[in-house]
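Trainee: Please read through the structure below; I'll follow up with questions.
Every number in this text was worked out from the coordinates using simple rules, so none of it is lab data. Predicted model only: the values in this text are computed from it and were never measured. Reconstructed Cβ throughout: ideal geometry from the backbone, glycine too, with neighbour counts over all protein chains shown.
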Amino acid sequence: MIFVQFLIHYPLGKKRFETHLKQIVLNIKYEYESGRLSAIGLLSVVIEKLPSTLLEEFAQFFFLPLVLQLVNDDSDKCREAVSKSISSIFQRVSMDILQTLYDYMLRWSSESSSGNGGMQRASAQLLGIMVESRQDFLKRGSNASDLIALLTQILDQELNKSAFSSNYRNDDWELGYFCLICFEKINRVFPIVSNRHDNIWNMVIKGLTHDHLWIKQVASRIINANLVRYDPQKYSSNTGSSQKDGCIIYSIPGSLYIIAKGLCQQLDVANDQLTETISTLAIKSLTWIIQAMHYEPKLCFKENQIEDDENEKNPRNEHSKSPALWLMTRLSNIAKNKGELRREAVFKCFASFATSCPIEIISPHLDLMLIPLHRAYSEAENILQQKQDRDNYRDNDVDASSLDFLKEVLQVLEDKCGTEEFISVYTTIKNKAKERRDSRKQEIAAEAIRNPEAAAKRKIQKQLREKQRKKRRMNEKKMGIKRKKKQSSLA
């Protein structure tokens, strides 16, 4: 700080002044992270303390090295500090200087795809920083609309890349991610402007099923932010246009079904592909969506049709009259297959439905929710009983906590629908499950007599599955121990 005061107030010639500034800028490339952080901090103080006239004179002198450091620095802390310094420049310079810097960003955003895309990614990051720092600049003329059009063009190219294509690189997700982050900031500040651009919303919807988790996460966040601005119970064909204006499910016909399908695909993945943030956002959005489906099912249709789902029956034949039934069926089928995190996410979704939705939405679909819940409860109960029979109490807490969670979800559904209806439906489900289980046992016994070779193969496959199950349980246990050690060390 003393050096900064000296630099600003002590009478120095222009050449000597520039020499001091050059040395400060060179120091941001220091070899060690701590040294770079100190240099970036000093440069930030200089940017904040310099008189406006001097800052505008040296704006580009500071800006370009900071951009290169933003692209090339391996340290997250350093990149964050650089972003704050660039934000300070944006906030303090005049409109004319900012327009010059904006022109640089536009030029970098059109970088040839033959390069490594570093300046394109930097451009997307810088545009996001500028949106946060200088909202008044975006209000000028058509700057906001032009920027959204540019982001749409880039996203159209980036989100169509597949991780399985021959020209896909490990960092190909970054440009699309930063473009979505930039649009998220625009949508937060200028929702009316962003809602006029259906093309970019189609890109956001496509991002729900992208290969990379961060793309999915930011796309889910943008979708959820748009939906929660409206009340799904009051959203119908009779609602005034002023209340509908800006909601993507109204401006893009059929998007409600596509969004619901994408969110279901996010939940229907292996445990290592599902994060708590993604599942939480999916639950919040699906809780809103099922209410909109119930009160206005036409929003799921595009020209009176619904797309066919590869993993489900044709919804036009069975579920077209009730998209809410299709959604419940899809979630029920997702939770039937084993997968602790996937099931937990779906069951939390059911609990959210019961807590937030009217009973006329929950009651007709109670059986679809109870079928996977009963299956998961029975499996957890059997595993716990087997461990108790073997006098192995070490892992019982894990299964007991799982059972407690399932009991809580069942209790929420019972409180919502009433004890009499709940017991009636649950008893029917348990009886049908027992009938199917007995039928399978009879078929296996008959097969052992009719076809001993096939029965032997079945036993071998069962033994292999049991080995895999034990191995998976051991890995989960090791991961749990590592997670507890990490939490204890952080504490």
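Trainee: Test of the criteria: in the stretch 168-230, which chymotrypsin sites (Phe, Trp or Tyr not before Pro) are in a DSSP loop and have at most 14 other Cβ atoms within 10 angstrom of their Cβ?
Mentor: TYR168
Trainee: In the stretch 83-162, which trypsin sites (Lys or Arg not before Pro) fall in coil by DSSP and have 16 or fewer other Cβ atoms within 10 Å? Don't skip to the end; give the middle numbers.
Mentor: Numbers: sites: LYS84, ARG92, ARG107, ARG121, ARG134, LYS139, ARG140, LYS161; in loops: ARG134, LYS139, ARG140, LYS161.
The qualifying sites are LYS139, ARG140.
Trainee: Another question, if that's okay. When the Karplus curve 6.51 cos²θ - 1.76 cosθ + 1.60 is applied with θ = phi - 60°, which whole-Hz ³J(HN,Hα) does each residue of the stretch 28-37 get, with x for Gly and Pro?
Mentor: 6, 9, 4, 5, 9, 4, 4, x, 5, 4
Trainee: With label points built 7 Å along Cα→Cβ from the Cα atoms of LYS478 and ARG140, find their separation and express it in nm.
Mentor: Reported label-point gap for LYS478 and ARG140 is 5.9 nm.
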